[in-house]
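The values are calculated or read from the model by the stated rules, or taken from the named source; none is laboratory data. Here the structure is a predicted model, which means the values were calculated and not measured. Cβ atoms come from the backbone with ideal geometry, glycine included; neighbour counts cover every protein chain shown. Side chains included, ligands, DNA and RNA excluded: accessible areas come from the protein's heavy atoms. Shrake-Rupley method; radii C 1.70, N 1.55, O 1.52, S 1.80 Å.
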Amino acid sequence: MEILSVEKRRKHLCLVKTADTEQLIDDDTVIIYGLKSGMTIDDELFDEIVYHSEFTRAKSRALWLMDMRDYSKKELITKLSAHFSKNAVIDAVETLAEGGIVDDERFARVYAEELSEYKGASRQNIRIKLMQKGIDREIIDAVIDNLPDDEIPQIIDIIGRKYANNFDDDKLKRRMIDGLLRKGYKFTDIKKAMDEYIEHR
């Protein structure tokens, strides 16, 4: 195929046009492959060029996203796949994972601690949320094992911060129990925590 034109676009991109298609290619890839108007290339090389550009751009976007917050591999792949080809995205994320920039174990540990300490999530709730983030079961099991087994002190803390005035009204008490159940706590633990809170308040 013949390249009809290489037109400069915004954000370090060029629009490369052929008779059959047009593709946005990043400036570095244009330079590496020496793309220019009138150049003749075969389909296989053109596919390689498009992949190289998609991989480069997906990796760059991933690094930009990781500067703002940590992501799991699944999160990054899902987010980047809205803009780039799936193969290029997976390869880019795997490359970053090999370099330790994307680390599901680190992500899971920090995210679990945040959910437990700042949002009062139960072990069960944390397990579900980690699964939703695409974390492997082995990593989840290891992270959950590092969380406290006894969740009653955590429930008591939540009651004190959020539900201290809910004990004198049956409707409010039911709302408190429902709220704690939604966080994934067991009813038996909630009942024990309520009893202990009332005893010591």
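Observations on the structure shown:
- One compactness figure for segment 118-183 is 1.31, namely its Cα radius of gyration divided by 2.2 N^0.38 Å.
- Entries of Lys119/Lys192; Lys73/Lys171; Lys59/Lys129; Lys74/Lys171; Lys73/Lys119; Lys8/Lys74 with Cα pairs more than 31 Å apart: Lys73/Lys171; Lys74/Lys171; Lys8/Lys74
- Potential lengthening between Asp43 and Thr21 on full extension [0.36 nm per residue; Cα-Cα distance subtracted]: 6.8 nm
- One decimal place: the segment Val6-His200 gains 62.4 nm when fully extended, by the rule 0.36 nm per residue minus the C-alpha distance.
- As a rough guide to protection, the peptides 71-81, 172-182 ranked by mean Cβ packing within 10 Å, highest first, stand as 71-81, 172-182.
- Segment 1-155 - charge dipole about Cα centre, Lys and Arg +1 at Cβ, Asp and Glu -1, debye rounded to 20: 720
- Taking 10 °C and 1.306 mPa s as conditions, segment 1-67 diffuses translationally at an estimated 130 µm²/s according to Stokes-Einstein applied to its Kirkwood radius (Cα pairs).
- Potential lengthening between Arg106 and Gln132 on full extension [0.36 nm per residue; Cα-Cα distance subtracted]: 7.8 nm
- Largest accessible area first, the residues Lys36, Lys59 order themselves as Lys36, Lys59 under a 1.4 Å probe with ligands, DNA and RNA left out.
- More than 24 angstrom apart: percent of Cα pairs within the chain: 58
- Computed FRET value (nearest 0.05) for Glu117 with Lys186, which takes r as the C-beta separation and R₀ as 22 Å: 0.65
- Rounded accessible area per residue of the chain, 1.4 Å, Å²: 61
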